[in-house]
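Only one structure is covered here, and it is reproduced in the block below.
The values are calculated or read from the model by the stated rules, or taken from the named source; none is laboratory data. No experiment lies behind these values; they were computed from the predicted model shown. Quick reminder, even Gly has a Cβ in these numbers, built from the backbone with ideal geometry, and neighbours come from all protein chains shown.
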């Protein structure tokens, strides 16, 4: 999948935006680490800037940020605000949580294990620690836009928010002001004409493929479009076309309810003027519903003492599936082709770049050594078994903790104990049972394991509904034919 900067480029990001984004992307901690992870944090920011972050309101993250700013100032003091967001500290949920360790109590802000709760107007709003790396990154980007020309302005907006009595109105006022300035920045620094042109091309293709007056996007639509257009430079790669259809599908689904990024609706309550009520459940769930790769939990520094996955055999084979998330499930056969024949094409491209020779390229073009689709399903099922064993092992660790108050069934505890004893790898030993910090890591991992298993199960289930055995030889023939035409000049 494309990296963060390519998201901006595809949406026509201009030099100033690219410079602002690159500077933030290269921000580092005192020990030389990247302050913000490229995935998901910087990719999320790129999608937010280009109004692709999903949900019925593109700027709802600004509303979340206003809550976080108020919460930080209320508990830690206004003087700490800049240091909280701009200090050279690794942006992880654990570090943000640690910043509140010695915070005093407050009547309007409560500190919970997994979130910060802002209380006002007889209601509350929770900002999750897992969300804070994105919101912190957004804060720093807003302040640094146009070489920090907005820094003083946004500081004044936040100062007014902090010093005013907390209310829904004050939060909306601040969020709308931020959104207004961000819209102007987008208009000045984004040109989506190229992306729009590609969407029009896809739309016309789908119209021609459909007899009735409506659009139908199917797995074969991606392959058919690629076969028709792969001589063009922009569509030479099948994976590129899959990405295009994924973006188009999301944009098409949202087109009836979303405003263009340059005319984003403000956060308010006046429906006649096109304003959107943030209290709407869909708006509030935007952050929670937005897909994030569950593997990100296991990439955090304090999780490295536990070897949950072997990179090549247990994580690598489903990494792309977890990166694409719902896009892979929306078009499962198209994504299976992405994984299988997209890898073949990537190999051909690599052979050409390093000058490996015609024999290697011709072998790839023949598709004779491509593993059948059914092998892919079997591989996924084996990884699913491993995920089940990890969940059981995590249960065993948590059940042994003195603080545990949940009484698990005897059968479940025995299964969990057996699974843990079979895990002959780093972090799965008696020390894990007696280490409180390690136990907390297993607790955090449990959530990621559930999400990984659920997504993988859905993918397997969708694939099993298809005639993979009959489909595979047909796809082999079709990709072989297309590869032969695409690379005939390189082989001559």
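Annotations for the structure displayed:
- Helices (runs of 4 or more DSSP H) wholly inside the stretch 140-215 containing at least 3 residues that are surrounded by 13 or more Cβ atoms within 10 Å (Cβ to Cβ) and at pLDDT 90 or above: 151-163, 168-189
- Scanning the stretch 88-116 for residues that are exposed (fewer than 15 other Cβ atoms within 10 Å of the Cβ) and under 20 Å from residue 37 (Cβ atoms) gives 88, 98, 114.
- In the stretch 444-456 there is no residue matching the filter, namely being assigned by TED's automatic domain parsing to the domain that holds residue 388, over 17 Å from the mean Cα position of the chain (by Cα) and under 22 Å from residue 219 (Cα atoms).
- Yes/no for residue 83 being surrounded by fewer than 22 Cβ atoms within 10 Å (Cβ to Cβ), assigned to a helix (DSSP H, G or I), out of contact with any helix residue (DSSP H, G or I) (no Cβ under 7 Å at 6 or more places or on another chain) and in the same structural domain as residue 173 (by TED's automatic domain parsing): yes
- Residue-level check: of (1) farther than 20 Å from residue 70 by Cα; (2) in contact with a strand residue (DSSP E or B) (Cβ under 9 Å, 6 or more places away or on another chain); (3) surrounded by fewer than 17 Cβ atoms within 10 Å (Cβ to Cβ), residue 119 misses just (1).
- Residue in the stretch 435-455 that is touching a helix residue (DSSP H, G or I) at 6+ places or on another chain (Cβ under 6 Å), crowded, with 20+ Cβ neighbours inside 10 Å and under 28 Å from residue 238 (Cα atoms) present: yes
- In this structure, residue 440 qualifies as part of a helix (DSSP H, G or I), under 30 Å from residue 299 (Cα atoms) and without any contact (Cβ under 8 Å) to a residue 24 or more places away in the chain.
- Among the conditions (1) surrounded by fewer than 21 Cβ atoms within 10 Å (Cβ to Cβ); (2) without any contact (Cβ under 8 Å) to a residue 60 or more places away in the chain; (3) over 25 Å from residue 157 (Cβ atoms), residue 43 misses just one, which is (1).
- Tally, over the stretch 445-474, of residues that are in contact (Cβ under 8 Å) with a residue 60 or more places away in the chain and in a helix (DSSP H, G or I): 20
- Every residue from the stretch 62-78 that is surrounded by fewer than 20 Cβ atoms within 10 Å (Cβ to Cβ) and either more than 16 Å from residue 160 (Cβ to Cβ) or in contact with a helix residue (DSSP H, G or I) (Cβ under 7 Å, 6 or more places away or on another chain) (or both): 76, 77, 78
- Qualifying residue in the stretch 375-392 (condition: modelled with pLDDT under 90, surrounded by 13 or more Cβ atoms within 10 Å (Cβ to Cβ) and either within 32 Å of the chain's Cα centre (by Cα) or assigned to a helix (DSSP H, G or I) (or both)): no
- The set of residues from the stretch 399-429 being closer than 28 Å to residue 316 by Cα and modelled with pLDDT under 80 is empty.
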